[in-house]
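Heads up, the thing below is written out as structure tokens.
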Amino acid sequence: MNRWDADQESVADTPDLAALAALLADRTRAAICMALLDGGAWTAGELAEYAAVAPSTTTEHLNLLVAGGLLAEERRGRRRYVRLAGPETAETLENLAGLAPYRRVPVRSLAEANHRRALHHARTCYDHIAGALGVAIADAMTERGLLARDYGLVLTAAGADWLTALGLPDTAPADARRAHVRTCLDWTVRRQHLSGAVGAALYRHALERAWVVKAVATRILTVTAAGRAAFRTQLGLPDEALFPSLTLQPPRG
């Protein structure tokens, strides 16, 4: 019979959720991660300006986030750039934002109010569409039988045919670690939007066809006239899903 030797050293790996939570417990680090949900690479100086903190402080935060695996860094000449470590990180952050409690922040100008309304309506979540528009797309695809929610979200045969008709015949990810179809809990309305390889392919298609345009230095997406026509034709989206609300809507659910 095997007997445990109390003097024997043994090591086992276990997820350190507390370490991940500690990284995001700082509001500056959390703000940096949310900014990087635009899918781009930022310099420390750009993030310092965005977060309104000193460059030296920003560098300390970035070092912790890179060491913790949330960010990846690259060098371009003498410049250091950071981005999210990958789509899984982006989806985790968006899901956490969807579960997080809300806190009140002052809106000091009409321009800021318009910015927030636009962000709530349509934005990028790394490489797919989020916001009220993203939720409406996921709902419409499910209602039309393009997606099924049996055991998690799956693309149906009708959905595969629909993608082929759009010119997207193969959306299976080359990286086996990435899911074909996934959802993120959208923090705007506390409901699911489409992510995974299919969500990313739809976003690229919408961008290439100018159905949406991305504002410079922000995550905001604007639906164009061509996009409104396409979303109505392809998915039957109503006007309230295609235009920003005149007021900030409270989250549902």
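Quick note: the coordinates plus some simple rules give every number you see, no bench work behind them. A quick note: this is a predicted structure, and the numbers were derived from the prediction, not measured. Cβ: placed from backbone, ideal geometry, glycine included. Neighbour counts: every protein chain shown.
For segment 25-129, treating each Cα as an identical point scatterer without solvent, what Debye log10 I(q)/I(0) comes out at q = 0.15 1/Å? Results for segment 25-129 at q = 0.15 Å⁻¹ read -0.68. The charge dipole of segment 55-204, taken about its Cα centre with unit charges on the Cβ of Lys, Arg, Asp and Glu (plus for the first two, minus for the last two), comes to roughly 700 debye. Helix 225-235 axis versus longest C-alpha principal axis of the chain: approximately 90°, rounded to the nearest ten.
Given the options Trp211, Trp162, Trp187, which has the most mean-square fluctuation in a GNM of the chain, springs set between C-alpha atoms less than 10 angstrom apart? For the chain, modelled as a Gaussian network with Cα springs under 10 Å, the answer is Trp162. Viscosity 1.002 mPa s, temperature 20 °C: give me the Stokes-Einstein translational D for segment 189-238 in µm²/s, with Rh taken as the Kirkwood radius over C-alpha pairs. In µm²/s, the coefficient is 181. A protection proxy built from the mean count of other Cβ atoms within 10 Å ranks the segments 220-226, 180-186, most packed first, as 180-186, 220-226. Cα extents for the chain along the principal axes, largest to smallest and rounded to whole angstrom: 69, 58, 42. Each distinct pair of alpha carbons in segment 56-96 adds a 1/r term; the inverse of their mean, the Kirkwood radius, is 10.9 Å.
Compared with the alpha-carbon gap, the fully stretched path from Ala72 to Arg209 is longer by 46.3 nm at 0.36 nm per residue.
Full extension of the chain between Arg79 and Ala229 yields a length gain of 49.8 nm, computed as 0.36 nm times the residue separation minus the alpha carbon distance. When Rg and the Kirkwood radius Rh are both evaluated on Cα atoms of segment 77-154, their ratio Rg/Rh stands at 1.07. Legend: Rg and Dmax of segment 118-238, from Cα coordinates, 13.3, 39 Å. Could you work out how far helix 131-143 tilts from the main Cα principal axis of the chain, as a 0 to 90 degree angle to the nearest 10? That helix lies at roughly 70 degrees to the long axis. So what's the back-of-envelope 222 nm ellipticity for the chain, counting only DSSP H runs of four-plus at -39500 (n - 2.57) apiece and dividing by all residues, rounded to 500? Result for the chain, helices only: -13500 deg cm²/dmol. Here the Gaussian network model covers the chain, with springs between Cα atoms less than 10 Å apart; of Ser195, Ser109, Ser56, Ser109 fluctuates the most.
For the chain, the longest principal axis of the alpha carbon atoms and the long axis of helix 55-67 meet at an angle near 80°.
Separation between the Ser56 and Leu99 pseudo-spin-labels, each 7 Å from Cα along Cα→Cβ, expressed in nm? Taking the two extended label points, one gets 3.7 nm. Segment 68-82 and segment 105-160 have Cα centres lying 29 Å from one another. For the listed peptides 87-99, 10-22, a ranking on the average number of other beta carbons within 10 Å per residue, highest first, reads 87-99, 10-22. When the chain is treated as a Gaussian network with alpha carbon springs shorter than 10 Å, the biggest mean-square fluctuation among Ala241, Ala157, Ala179 belongs to Ala157. Applying 1/(1 + (r/R0)^6) with R0 = 22 Å to the Cβ-Cβ distance of Ala217 and Arg190 gives a FRET efficiency near 0.20.
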